[in-house]
1. Would the range 154-266 count as rounded, prolate or oblate if I go by the C-alpha gyration tensor, calling it rounded below 1.5 in a/c and otherwise prolate when a/b exceeds b/c, oblate otherwise?
2. Subtracting the Cα-Cα distance from 0.36 nm times the residue separation, let me have the gained length for residue 293 to residue 90 in nm, one decimal.
3. How high is the FRET efficiency between residue 164 and residue 266 when r is their beta carbon distance and R₀ equals 22 Å, given to the nearest 0.05?
4. I'd like to compare 108-116, 163-171, 229-237, 214-222: which one has the highest average count of other Cβ atoms within 10 Å, and what's the full order after that?
5. Over the range 92-184, what is the relative contact order in percent, taking alpha-carbon pairs closer than 8 angstrom and at least six residues apart?
6. Under the rule a/c < 1.5 gives rounded, and otherwise a/b versus b/c splits prolate from oblate, where does the range 85-163 land using the Cα gyration tensor?
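Every number in this text was worked out from the coordinates using simple rules, so none of it is lab data. Worth saying up front: this structure is predicted, and the values here are computed from it rather than measured. Cβ: placed from backbone, ideal geometry, glycine included. Neighbour counts: every protein chain shown.
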Amino acid sequence: PPQQTATMITIVTLQAQTNEHEDEGSSEQSQQPGMGLHIKTLWLVFCTIVFQGWINISYNWKHADSSPRPPTSPPDADSILPHVNHRITTSPVSGRRFLATVMSLPQDSTRRQRFFQQWNEAWPELNIVLQPTFKNHANLRGYGVLAGTVSAIFAALQFAQQQHDFDYLLLMEDDAIPFDNTAWPTTKAINATTSTMIDNDLDRMLDQVEARNGGALFLGAHGIISPQQHQLENQQVSNGTISELLFGFGNYAWLVHRKHLTGLYQHYVDDLSRKTNTANPPDWGNHFFFARNKIPEFVATPLLVDHNSPYSNTMQRTRTALTAKKWEGEREWWRFPPYEGSQSLLKHLGHVQ
């Protein structure tokens, strides 16, 4: 240990100085030690203290805890988390090819078990790969899931470079649960009598998204701002429709088209490097990207995926303490008021002057 090493050096040094003085005293008994000896001794003590400090720094650096910690200002966002190995799922109805990933903390095994069980029942063929994340740093709200999203998108881009073609990347969190009475592109939805595939909500919605040159479809969200909200309040809404999305909280289940992944990835990397406080939640970033690039976003109407968990890893508190608790479990998002600061936010996004 450095303390013992430095102490031994001090003792040896002072002992050598004492021996030197005793040798000088034996030949000149009449002379008393002068100020030179004291200055020399103090100089040696000073050098020893400096040397001990250097040893301590070297020792602590060498034996520092090397366990991973949430980075606060990563130099390279690609290397924050391990990249997943995506697998394609093809819709038997439309032929669309999907990649799917779920962000989850290593300790949330119960949430993951429920997540995979629910999705296996709703869409058994969907190949969902696990993207590990980490618990948020105290002053970096949502940083873990944002880093996981960056890693998942990077892996999808690498997947495409290996000449594996796909159409959409589905990004989810481990508390994203499909609503009951929703239809997904699964082979179990084959009509036994006619041997034809029954239509499904997701493909029907994506047909509309593509017809309007949309870049993303949110399967769930809350605090939604949409120009269709008041119109929807006064009509009967059937499954499988979409509405224009200007803003919404929650990145727990959404699809982004492959052609926008490169731009979105770079936008998120920039966001990641600037993440220093709680003023810019991570689920704002995608809306900034699409708004500034004038790429339409849409939300499932009614919602296809619920956000169901008692505890928020992003907010680091139970959801019963949140005023927005009431929107969980509800598919008809238009029956809830939009984000209270909607006008200033829309102006910031460039939707209004």
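1. Values: a/c = 1.79, a/b = 1.09, b/c = 1.65.
In terms of gyration-tensor shape, oblate.
2. Numbers: separation 203, 0.36 × 203 = 73.08 nm, distance 2.88 nm.
Full extension from residue 293 to residue 90 adds 70.2 nm.
3. Given R0 = 22 Å and the Cβ-Cβ separation, E is 0.55.
4. Working: 108-116: 15.4, 163-171: 18.4, 229-237: 11.7, 214-222: 24.4.
Per-residue mean Cβ counts within 10 Å order the peptides as 214-222, 163-171, 108-116, 229-237.
5. On the way: 109 pairs, mean separation 43.5, N = 93.
Over the range 92-184, the number comes to 47 percent.
6. Numbers: a/c = 2.92, a/b = 1.37, b/c = 2.14.
Since a/c reaches 1.5 but b/c is at least a/b, the shape of the range 85-163 is classed as oblate.
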